[in-house]
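Data first, discussion second: the structure below is written as structure tokens.
The values are calculated or read from the model by the stated rules, or taken from the named source; none is laboratory data. This structure is a prediction, so every number in the text was calculated from the model and none was measured. Just so you know, the surface numbers come from the protein's heavy atoms only, side chains and all, with ligands and any DNA or RNA stripped out. Shrake-Rupley method; radii C 1.70, N 1.55, O 1.52, S 1.80 Å.
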Amino acid sequence: MAELIAQEKQGGSKQRKKMIRVDMTPMVDLGFLLITFFMFTTNFTKPNVMDLGLPAKDPNPIPQPTPPIDVKNQITFILGKDNRVFYHQKTKEDLDKSNLKETDFSGINITKIISKAYNNAPKKENFTIIIEPTDDANYKNFVDILDNIAISKKERYGITDIKPWEKKVYEELTR
């Protein structure tokens, strides 16, 4: 416990002045006990990690040609500058400024677009989402599109560079 030590001051005055000294040792002990208690009972934040669905490595890789994906079984998202995102389901010959549609990351717009494309796909087991970030895209938009894919519960997606013919149409549209 804290102890008070009072010393009387000798002197000719009629008032007695006492010097008070408070022992702080128990207070320091209590402080360390509280710090220790909160350290042991606190849950430290765990890093949020997004799981990328990467294929397993084959010990004996035999190159097999991959069949081309039908345009109706895929949807392509192009991530642009200034938080803009474009999408299409067109071939090289069919894509132009009128076909490249724009949406944004607000609400569940992208999830609705993915669901609509999935429902219109002839072979739903082959439905693939292609993400093509431009050089001007930022990392936050990339994570947002991956979050939307996770929300829509689609397992097949790919990340690739924007193709030159898509880049040409994208640049025409963003001028």
Choice from LYS17, LYS92, LYS81 showing the highest fluctuation, given a GNM over the chain with Cα pairs closer than 10 Å | LYS17
If each Cα of region 69-145 is one equal point scatterer, what is log10 of I(q)/I(0) from the Debye formula at q = 0.13, 0.18, 0.19, 0.25 Å⁻¹?
-> -0.38, -0.73, -0.81, -1.26
Tell me, how many Å apart are the Cα centres for region 28-49 and for region 57-97?
-> 49
Rounded to the nearest whole Å², what accessible area per residue is found for region 36-175 with the 1.4 Å probe?
-> 72
In sequence order, calculated HN-Hα J values of region 89-102 (Karplus, 6.51, -1.76, 1.60; Hz; x Gly/Pro) | 9, 10, 8, 4, 6, 8, 6, 8, 4, 7, 8, 7, 8, 10
Could you list which residues have their amide H under 5 Å from that of VAL85, counting only those 5 or more apart in sequence or on another chain, with H placed in the peptide plane?
-> GLY80, THR103
Phi-based couplings in Hz for region 117-132 (Karplus 6.51, -1.76, 1.60; Gly and Pro marked x) | 5, 5, 5, 8, 6, x, 10, 5, 5, 9, 5, 10, 9, 10, 10, 10
Relative to the present Cα-Cα distance, how much length would full extension add between ASN60 and PHE37 at 0.36 nm per residue of separation?
-> 2.9 nm
The percentage of the accessible area of the chain (probe 1.4 Å, all protein chains present) made up of carbon and sulfur atoms, to the nearest whole number, is 56
Distant-in-sequence amide H partners of ILE131 (H built 1.01 Å from N, under 5 Å) | PHE77, GLY158, ILE159, THR160
Karplus-derived HN-Hα couplings along region 22-29 (A = 6.51, B = -1.76, C = 1.60, θ = phi - 60°), whole Hz, x at Gly and Pro | 9, 7, 8, 4, x, 5, 5, 4
Rounded to whole Å, √(5λ) for the Cα gyration tensor eigenvalues of the chain, largest first, gives 69, 22, 14
GNM, the chain, Cα, under 10 Å: largest mean-square fluctuation among ASP94, ASP144, ASP29?
-> ASP29
Helix 164-174 versus the longest principal axis of the chain: what angle, 0 to 90°, nearest 10, using Cα atoms?
-> 70
